[in-house]
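Below: one structure, written as structure tokens.
Quick note: the coordinates plus some simple rules give every number you see, no bench work behind them. Please read these numbers as outputs of a predicted model, since none were measured by experiment. Cβ sites come from the backbone with ideal geometry, for glycine too, and all protein chains shown count toward neighbours.
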Amino acid sequence: MRSSAASWNDSGMLLAPVALAVRTVPTTPLAPTSVAATHQRDAAAADLGQYYGPAQGKEGAELLRALHLIIRTGHVDRGYAQARDEMFSVVADIDGDNRIEDIFTGESRGPITDRKDAYEAGFNTEHTWPQSQGATGIAQSDLHHLQPGDIRTNEKRGSYPYGDVVKAVWSTGTGPAQAKLGVDALGETVFEPYAAVKGDIARGLLYFYTRYNESRPADFSTKNLKHDLETLLRWNAADPVDDRERARNDAVQQVQGNRNPFVDHPEFVDKVGFNKLDIK
Ligand SMILES: [Ca+2]
Ligand SMILES: [Ca+2]
């Protein structure tokens, strides 16, 4: 049985509890003119520079391998129950107002401070990389790909790939907040979330592949990724990283000890060249 005060790494080694001081980047907005703020920003940039040092100058499969080693290091499994509590209480509530937005439509609900509140508000946990395709073991509780989702919409999404719907069979939300289930241009059933979160989802899935492609958790499959890939690369470009997504990345690092490189360095997506990789 797992101790609540400790975590386990990929090799099953017991790790010390995660220190909440591992955060390398300040998340409090800093006054642009303050000298202290400038120093803090410089220090944060230096920390990130060190974190990604081994990736410097690399590209293609070599860069993917370097990023894999970087993000595997220090990653601790918080356990699925605790990870979800931390998602609903910290990671998904960056502004700390106890309100959380649905990943599919952006609809805000609250007050939510833990899993129980979230469930009562109609949310459960969306695995953007489906559990049936390898979000198992440490990957099941990896907050870089977990998001709060409306329970009913999450059932509709199921394990379908994300994609652009050309003919909807079901939808929820309206206007720019609409999410849809339907067929894509290839005739495959896909799920399309509202636009403002498409890049976030794409970068989370590219993180997941980079993190787990080598260790391949039970049931690991790239079926969705291969179907999604061109769409995900388009979504990554169309919905660039914003301050909220950067703050979420900081919060996830604080909880589980690793970062999403494609949030810190969006240019790594092109440098890896996912569409040129031999994804199996
Ligand atoms: Ca909030
Ligand atoms: Ca976004």
Exercise for review: Note the full-extension length gain between D97 and Q82 as 0.36 nm times their separation in residues minus their Cα-Cα distance, in nm to one decimal.
Suggested key: 3.4 nm
Study note, to complete from the structure: Diffing region 59-67: the Karplus 3J(HN,Hα) column from phi (6.51, -1.76, 1.60, θ = phi - 60°), in whole Hz with x for Gly and Pro, holds 8, x, 4, 5, 5, 4, 5, 5, 5
**Study point:** Proportion of all alpha-carbon pairs of region 160-227 beyond 13 Å (%)
**Key:** 67 percent
Check your understanding: Amide H neighbours of Y162 under 5 Å, counting only residues 5+ apart in sequence or on other chains, H built in-plane at 1.01 Å?
Key -> F191
Study note, to complete from the structure: Extension length gain for A238 and K223 (0.36 nm per residue less Cα distance), in nm, is 3.1 nm
Review point. Tell me, what ³J(HN,Hα) does each residue in region 145-161 have, in order and in whole Hz, if you take phi through Karplus 6.51 cos²θ - 1.76 cosθ + 1.60 with θ = phi - 60° and put x for Gly and Pro?
Key: 10, 8, 9, x, x, 4, 4, 5, 5, 4, 5, 5, 5, x, 10, 5, x
Check your understanding: When the Karplus curve 6.51 cos²θ - 1.76 cosθ + 1.60 is applied with θ = phi - 60°, which whole-Hz ³J(HN,Hα) does each residue of region 105-110 get, with x for Gly and Pro?
Key -> 10, x, 4, 8, 9, x
Check your understanding: Of the beta bridges DSSP finds with both residues in the chain, what % are antiparallel, to the nearest 5?
Key -> 95 percent
Revision key, fill the gap. Once the dipole of the chain is set up from charges on Cβ (+1 Lys and Arg, -1 Asp and Glu), the residue from the list S171, V269, L225 lying farthest towards its positive end is L225
**Study point:** 5 angstrom amide H check on D239, placed H, neighbours 5+ away
**Key:** G199
Practice item. Just the number, please: Stokes-Einstein D of the chain in µm²/s, Kirkwood Rh from C-alpha pairs, 25 °C, 0.890 mPa s. Key: 127 µm²/s
Review point. Hey, any idea what Rg/Rh is for region 70-142, computing Rh the Kirkwood way over Cα pairs?
Key: 0.99
Exercise for review: For region 195-249, just the Cα set please: Rg and Dmax, both in angstrom.
Suggested key: 12.1, 34
Study note, to complete from the structure: Quick P(r) readout (region 125-280; Cα-Cα; 5 Å bins; whole %) gives 2, 9, 19, 23, 23, 16, 7, 2, 0
Practice item. Please work out the C-alpha center-to-center distance from region 136-163 to region 95-110 and express it in whole Å. Key: 16 Å
Review point. Of V166, V197, V252, which has the largest mean-square fluctuation in a 10 Å C-alpha GNM of the chain?
Key: V166
